[in-house]
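Reading through the structure tokens given below for one structure.
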Amino acid sequence: MLDSLLTNFFVEGGVFFEMAVILGLAAAMGLLGQKLRQPLIVMFLAAGILSGPAVLGIIESYEQIELLAHMGIAFLLFIVGLRLDLNLIRTTGPVALATGLGQIIFTSVIGFGIALLFGLPFMSAAYVSVALTFSSTIIIVKLLSDKKEIDSLHGQIAVGFLIVQDIAAILALVLLTTLGSRIGAEESVWLVSSIIAFKGIGFLTAVWFMTAYLIPGLLKRLADSQELLVLFAVAWAILLGGVAELLGFSKEVGAFLAGVSLASSNYRDMIAGRLTSLRDFLLLFFFIDLGARLNWQAVGSQINASIWFSLFVLLGNPLIVLVIMGLMGYRRRTSFLAGLTVAQISEFSLIVAALGLSLGHITQQDMGLITLVGVVTICVSTYMILYSAQLYRFLERPLKLFERQNPHREPLMDISETMACVDVIVMGLGGYGSGIAAQLMARKKTFIGVDFDPAALERWRSQGVFCIYGDMADPEILEQLPLTKTRWVVSTVRSKELSMALMNLLKHKRFNGKVALTAINEMEADLYQKTGAQVVFRPFSDAAEQAADALTDAMDILPDDRDLPISFREIRINPGSIFAGQTVRNIPLRSETNVSILAVSRRGAVSYSPDPDFQIFPGDRLIIVGLPTELKEAETLLNRQEVPPDEANALDQFNIDEIRLAPDSPLDGKTLAEAQFRQKYDVMVVGIRRAEEQILKTGPAQRLQADDHLLVIGSSKNVAALKRQEPL
């Protein structure tokens, strides 16, 4: 009764109203999916099931939804072709091809055997086995990007073999839509294959000719208007899709070729960025259509088989990747994290299955089986990837079976004998970390870089920096690092979970040096300080403060444009500048470059026309005036680096040490104020160790006793001089 009332209501409301309700339902399910941390694919399938005849019976306009679904698949393949980066397969070496092809072969063969054991017909078993081999590039890239692992070694390998899978899926679509739909009872396989090959070669030749000679000039003309450029891309994808269908191929294959034809242009990223939202919107209708058309009687009979196939995908696919990558010489952690990305079937699996159903190759029961496996594996594998670090720690010991005795692709490096002392270990060599590393190098500090981006490591190794591939949350990485010889461990990774994991690992290793962490807000900064970090970087607030200073300077100091032969420039004094700490009098700016200092800005406060005794500090912003050619010379002069390396090494630094009082020390019974450590030795007593007692709060009235061990802090030179007089 309720179903008929709803149906009549939506029929009277019209197609537009029906679409509005379906989209509203999809949005509500998507919101629920966010809370459950599930991909939208699963939630859109659920929206289709709710909209279909099995539940609410909202959908009546199947033809319109099916048209939008086909367009969504076409745009999906168009963007896959547009972003097809074969260079990524080459840069990740043979592992992408070996793992991608190996996983496809083993999964399809084993899956085919399991399907036959369940009594599926030959054609149904073939479709099921093929569907099990494809993993979702969209879901995996999204999850890895959210976890900031897309540039890691296991992330690059995963994306590499996902591209191999995408290419295999395209070939499967070509074979299904041509050979599968053409070969009938009376037709010759060879004749049909020859005709298809002839048409395919002709189609590819025409696309190549247009790509080489017509499209570049056309894109250049259209580039002045992004709207026209995107409109052309859409029209080009639809046109090639229509031509492909006319020739007997699928429209999806034509759209893929349209994307490949534009992949080498300079506008591909802009086009892909603009069309991604359109793709996601149209693809929504494919999953809604699929969910609405599910035959629940057929699906119910496949629950037992779907459980076994789901277990095979969730456990078997990662196991296959583990074995292949282990044999190729990768560490078990890299193999495990890469293997988790194939623990689900993809939207391509559902597309292939839907195509097989439309061609009459498989039944509704087979379609239901593949859909159920897709829903289960996507749901479960999402959590497996999100909590991959915890899973790895739980399985670390048994995974040793999948690692060669010498994992030569990722050798563990013993650097304990390589470097006598390390000033800093920099964990994370991204943009911020590379900036810190560059400044450390300029200050002649010894440091080791740690990152999981092979490109970043190669960049720094080319500059002679010792770098290690690794993840800061991996306990094995700390085994490689000379922690006993390191003064500072610095993490530039902006992740609370990873930073806390690093602190716990360092405490477990009894690291005696100092730690610096990077926070994204004040709450994180407070947490890190309570955890024991000696220094907390705040890149966003620090950069915002500097940017605001620069903008304020430009507003308040720089005059309006005039038709004058002189120019103005703002120069920030770097910490390493030779003039940091000098007075204006000691900066030979006017004598060497004929440039004058107009004003100095310091933390928002501006000093106009500073007098000769005005002292310049690091971070000050100088507004200088002069001829354009002279300003460049002035900038070079002002930020000339500090003293040469041999003199720089002589610069003093603070040190902390213990000084023992003699049993007959004349200081016995005196207070710290009377001992006058600050006045006589220029050091400060910050603690006292007296037998088993620790006195950490020392004031001027604190009395000393014979045999006390004083914890003093001061310059290295002064502490060393006091140490030579020990015992006092």
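The table that follows gives values for the structure above.
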{"read-out": "Conditions (1) of a type in the set (Val, Ile, Thr); (2) touching a helix residue (DSSP H, G or I) at 6+ places or on another chain (Cβ under 6 Å); (3) more than 19 Å from Ser136 (Cα to Cα): number failed by Ile303", "value": "(2)"}
{"read-out": "Pro618 vs. criteria under 28 Å from Gly435 (Cβ atoms), touching a Ser or Thr at 6+ places or on another chain (Cβ under 8 Å), modelled with pLDDT under 80 and not in a strand (DSSP E or B)", "value": "yes"}
{"read-out": "Residue in region 271-286 that is surrounded by fewer than 19 Cβ atoms within 10 Å (Cβ to Cβ) and out of contact with any helix residue (DSSP H, G or I) (no Cβ under 9 Å at 6 or more places or on another chain) present", "value": "yes"}
{"read-out": "Residue count for region 488-517, restricted to those that are acidic (Asp, Glu) and at pLDDT 85 or above", "value": "0"}
{"read-out": "Some residue of region 8-19 being under 16 Å from Ala292 (Cα atoms) and surrounded by 23 or more Cβ atoms within 10 Å (Cβ to Cβ)", "value": "no"}
{"read-out": "Some residue of region 309-332 being part of a helix (DSSP H, G or I) and farther than 29 Å from Pro398 by Cα", "value": "no"}
{"read-out": "Filter result (of a type in the set (Lys, Arg) and farther than 15 Å from Asn655 by Cα) within region 679-718", "value": "Lys680, Arg689, Arg690, Lys697, Arg703"}
{"read-out": "Region 423-435 - residue that is among the hydrophobic types (A, V, I, L, M, F, W, C) and within 21 Å of Glu149 (Cα to Cα) and, of those, modelled with the lowest pLDDT", "value": "Leu429"}
{"read-out": "Pick from region 454-473, criterion touching a residue at least 60 places away in the same chain (Cβ under 8 Å) and assigned to a loop (DSSP other than H, G, I, E, B), ranking: nearest to Tyr330 (Cα to Cα)", "value": "Asp471"}
{"read-out": "Any hit, region 105-112, residues being surrounded by 22 or more Cβ atoms within 10 Å (Cβ to Cβ) and either in contact with a strand residue (DSSP E or B) (Cβ under 7 Å, 6 or more places away or on another chain) or among the hydrophobic types (A, V, I, L, M, F, W, C) (or both)", "value": "no"}
{"read-out": "Leading residue by the ranking (surrounded by the most Cβ atoms within 10 Å (Cβ to Cβ)) among those in region 714-728 that are among the polar types (S, T, N, Q) and assigned to a helix (DSSP H, G or I)", "value": "Asn718"}
{"read-out": "Scope region 259-292; condition aromatic (Phe, Trp, Tyr), assigned to a helix (DSSP H, G or I) and more than 30 Å from Pro53 (Cβ to Cβ); matching residues", "value": "none"}
{"read-out": "Condition check for Arg590: under 30 Å from Ser715 (Cα atoms) and modelled with pLDDT of 75 or more", "value": "no"}
{"read-out": "Whichever residue in region 667-697 is assigned to a loop (DSSP other than H, G, I, E, B) and more than 48 Å from the chain's Cα centre (by Cα) and, among such residues, is surrounded by the most Cβ atoms within 10 Å (Cβ to Cβ)", "value": "Leu667"}
{"read-out": "Filtered residues of region 593-607 (kept if touching a residue at least 24 places away in the same chain (Cβ under 8 Å) and farther than 14 Å from Asn639 by Cβ)", "value": "Asn594, Ser596, Ile597, Leu598, Ala599, Ser601, Arg603, Gly604, Val606"}
{"read-out": "Test result for Gln534, modelled with pLDDT of 85 or more and more than 27 Å from Glu396 (Cα to Cα)", "value": "yes"}
{"read-out": "Residue list for region 41-77, restricted to those being free of Cβ contacts under 8 Å to residues at least 24 places away in the same chain and either surrounded by 19 or more Cβ atoms within 10 Å (Cβ to Cβ) or in the same structural domain as Gly374 (by TED's automatic domain parsing) (or both)", "value": "Met43"}
{"read-out": "Enumeration of residues in region 172-197 that are part of a helix (DSSP H, G or I) and either within 18 Å of Ser358 (Cα to Cα) or at pLDDT 80 or above (or both)", "value": "Ala172, Leu173, Val174, Leu175, Leu176, Thr177, Thr178, Leu179, Gly180, Ser181, Arg182"}
{"read-out": "Tally, over region 393-422, of residues that are buried (at least 17 other Cβ atoms within 10 Å of the Cβ) and modelled with pLDDT of 85 or more", "value": "1"}
{"read-out": "Number of positions in region 118-157 that are assigned to a helix (DSSP H, G or I) and not basic (Lys, Arg)", "value": "24"}
{"read-out": "Per-region count, region 334-345, residues in a helix (DSSP H, G or I) and either within 15 Å of Met384 (Cβ to Cβ) or free of Cβ contacts under 8 Å to residues at least 40 places away in the same chain (or both)", "value": "6"}
{"read-out": "Test: Leu290 is surrounded by 15 or more Cβ atoms within 10 Å (Cβ to Cβ), closer than 30 Å to Leu372 by Cα and not assigned by TED's automatic domain parsing to the domain that holds Lys199", "value": "yes"}
{"read-out": "Hey, Phe568 in a loop (DSSP other than H, G, I, E, B), at pLDDT 65 or above and over 28 Å from Leu517 (Cα atoms) or not", "value": "no"}
{"read-out": "Single residue of region 357-392 satisfying the filter (under 15 Å from Gln344 (Cβ atoms) and polar (S, T, N, Q)) that is surrounded by the fewest Cβ atoms within 10 Å (Cβ to Cβ)", "value": "Ser388"}
{"read-out": "Boolean, Gly273 is in contact with a Lys or Arg (Cβ under 9 Å, 6 or more places away or on another chain) and in the same structural domain as Ala206 (by TED's automatic domain parsing)", "value": "no"}
{"read-out": "Hits in region 240-258 - residues which are surrounded by fewer than 23 Cβ atoms within 10 Å (Cβ to Cβ), small (Gly, Ala, Ser) and assigned to a helix (DSSP H, G or I)", "value": "Gly242"}
{"read-out": "Leading residue by the ranking (nearest to the chain's Cα centre (by Cα)) among those in region 519-537 that are under 15 Å from Met503 (Cβ atoms) and part of a loop (DSSP other than H, G, I, E, B)", "value": "Ala519"}
{"read-out": "Residue list for region 433-453, restricted to those being free of Cβ contacts under 8 Å to residues at least 40 places away in the same chain and not in a helix (DSSP H, G or I)", "value": "Lys445, Thr446, Phe447, Ile448, Gly449, Val450, Asp451"}
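The values are calculated or read from the model by the stated rules, or taken from the named source; none is laboratory data. Every value quoted in this text rests on a predicted model; they were computed, and no experiment measured them. Backbone-built Cβ (ideal geometry, glycine too); neighbour counts: all protein chains shown.
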